[in-house]
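Below is one structure, written out as structure tokens; comments come after it.
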């Protein structure tokens, strides 16, 4: 990804704010501008900061072990990578997870140990906790899988400013349209950073140490 | 449904055609059309995988990909379409391969979804793929099954080579 303008061509319209209010557009440009001018070493982030501060979602979902997951509390102090996907997805979801797993296994534990990866299923009907766990275990046994009611999963997507997933097609072989971004939450004073489908392992290897350093400084 | 019937019919024909024959080659080239960087992925979910490749056209005339067959599962050519931040897979009935150009199937873009696999694909397996084109006919070849991690690294490598 070359990033000359700081707002890459793949940035969705809600990131660039074209569809939002002018105020949101100005805020986005201001925040992105700050991020571009003040690189934390190794150049600006390759992900795109959302235009607005967005807290971690405070909606109670369930882990693949059946335990209630208090999202803000369970992820406090960690770079938290949040993705909404489903296990019948052949392309975007497994590629994101595989890239993250590969990079986290290569990064030093001082960085990798400060990162939590969370995938929320957008297909709770077919993704049983067991199926979601087995799917995530292909990539990393430490990746956290969450499920819940359709209403709660929709509310969580809306809370982090993603369009809610929609079921497409009928019968057992339906697909799900969903946001293809991994959102990286760091400290409360920084907007989450969006990573689209197409983010490379080299992009993650570049950005994750910078995001982890934010957590160090906040301690 | 038409897709599924067509697939079953073509698979049956393919099996009959293959009886006693040598397996198809690992690379395919015919009438100016060449297939390279062909990989299927391991099944993260038991019944689902994906297939990717680059289709190059050295001819002065364009060609059109009309269908994909696989020895494993039901093969469907998809594109990823993103509207208002939401990405969906959509069926692609025809895909033009431009003259003296190429089309790369890759994650997040055009790809072949392999669904309803009878058994999960594992690292090191091979699948037989058939690409049906209007002008070049059907190209049959074998594609190795690789992990999603390996796939991503190979694509990163080909990106550098194409730059």
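Every number in this text was worked out from the coordinates using simple rules, so none of it is lab data. Predicted model, so just to flag it, every value in this text is computed and none were measured. In this analysis, Cβ positions are derived from the backbone assuming ideal geometry, glycine residues included, and neighbour counts consider all displayed protein chains.
Descriptive notes on the structure:
- Qualifying positions in the stretch A:174-193 - over 25 Å from residue A:48 (Cα atoms) and in contact (Cβ under 8 Å) with a residue 12 or more places away in the chain: A:175
- Residue in the stretch A:128-159 that is farthest from the other protein chains (Cβ to nearest Cβ), counting only those that are without any contact (Cβ under 8 Å) to a residue 60 or more places away in the chain and not in a loop (DSSP other than H, G, I, E, B): A:151
- Which numbered condition residue B:34 misses (of (1) closer than 30 Å to residue A:162 by Cβ; (2) free of Cβ contacts under 8 Å to residues at least 40 places away in the same chain; (3) surrounded by 15 or more Cβ atoms within 10 Å (Cβ to Cβ)): (1)
- Tally, over the stretch A:165-199, of residues that are under 14 Å from the mean Cα position of the chain (by Cα) and either within 9 Å of chain B (Cβ to nearest Cβ) or over 23 Å from residue A:78 (Cβ atoms) (or both): 7
- For the condition surrounded by fewer than 16 Cβ atoms within 10 Å (Cβ to Cβ), over 26 Å from residue B:81 (Cα atoms) and under 18 Å from the mean Cα position of the chain (by Cα), residue A:142 qualifies.
- Condition broken by residue A:69, with the remaining ones in (1) touching a residue at least 60 places away in the same chain (Cβ under 8 Å); (2) within 24 Å of residue B:83 (Cβ to Cβ); (3) surrounded by fewer than 23 Cβ atoms within 10 Å (Cβ to Cβ); (4) more than 14 Å from the chain's Cα centre (by Cα) satisfied: (2)
- Restricted to strands (runs of 3 or more DSSP E) entirely inside the stretch B:80-162, those with at least 2 residues that are surrounded by fewer than 15 Cβ atoms within 10 Å (Cβ to Cβ) are B:86-91, B:137-146.
- Count - residues of the stretch A:100-127 that are touching a strand residue (DSSP E or B) at 6+ places or on another chain (Cβ under 8 Å), within 14 Å of chain B (Cβ to nearest Cβ) and not in a helix (DSSP H, G or I): 5
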